[in-house]
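Read the structure below first, then the notes.
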Amino acid sequence: MNNSPYRCPIYGNPTSCNCASCAIERRLRASREAVKAAEIANLSRPPAPRPKNLDDFFVSPKESPREKIERQRRERFAESDKTWAYVQANEGRYAVIFIPRIRSLVLWYVKTSSTF
Ligand SMILES: [Zn+2]
């Protein structure tokens, strides 16, 4: 942004001159002040309370039983997708924990069943 102080092209007083350049400069300055004031207001205002359950917040209360079933179905799908993604992301961890246990169980079973 241009930080040099504004100067009227016809050497008028920027606060009272009637040239277009000064008029635009005054509007620009007023806009900058408004933005600054809005930013200060936004920063000083406490954040709006977030609804606990966003789904409940956005679903209209006039939801029909059919719509409710559809929504619950979508939610179940989303939940199982999330679970699946979690399992896939942790596959390596599960393998490290369970494979040695399963292997030792199988070995124990083979050993005990072969003593018959
Ligand atoms: Zn001017």
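Restricting to the range 1-30, and then to whatever is assigned to a helix (DSSP H, G or I) and within 9 Å of the ligand (Cβ to nearest atom), can you tell me which residue is surrounded by the most Cβ atoms within 10 Å (Cβ to Cβ)? Please lay out each step first, then the result.
Here is the first cut: in the range 1-30, the ones assigned to a helix (DSSP H, G or I) are 20-30.
Keeping just the survivors that are within 9 Å of the ligand (Cβ to nearest atom) gives 20-23, 25.
On the way: 20: 9, 21: 15, 22: 20, 23: 12, 25: 17.
Top of the filtered list is 22.
Per-residue answers, yes or no, for (1) at pLDDT below 85; (2) within 21 Å of the chain's Cα centre (by Cα); (3) surrounded by 10 or more Cβ atoms within 10 Å (Cβ to Cβ):
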residue: 60; (1), (2), (3): yes, no, no
residue: 71; (1), (2), (3): no, no, yes
residue: 74; (1), (2), (3): no, yes, yes
residue: 112; (1), (2), (3): yes, no, no
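Kindly check whether there is at least one residue in the range 35-51 that is part of a helix (DSSP H, G or I), surrounded by 10 or more Cβ atoms within 10 Å (Cβ to Cβ), modelled with pLDDT under 90 and of a type in the set (D, E, K, R). Yes; the residues of the range 35-51 include at least one that is part of a helix (DSSP H, G or I), surrounded by 10 or more Cβ atoms within 10 Å (Cβ to Cβ), modelled with pLDDT under 90 and of a type in the set (D, E, K, R).
The values are calculated or read from the model by the stated rules, or taken from the named source; none is laboratory data. Note that the structure is a prediction, hence the values are computed from the model and not measured. Here Cβ is always computed from backbone atoms with ideal geometry, including for glycine, and neighbour counts include all displayed protein chains.
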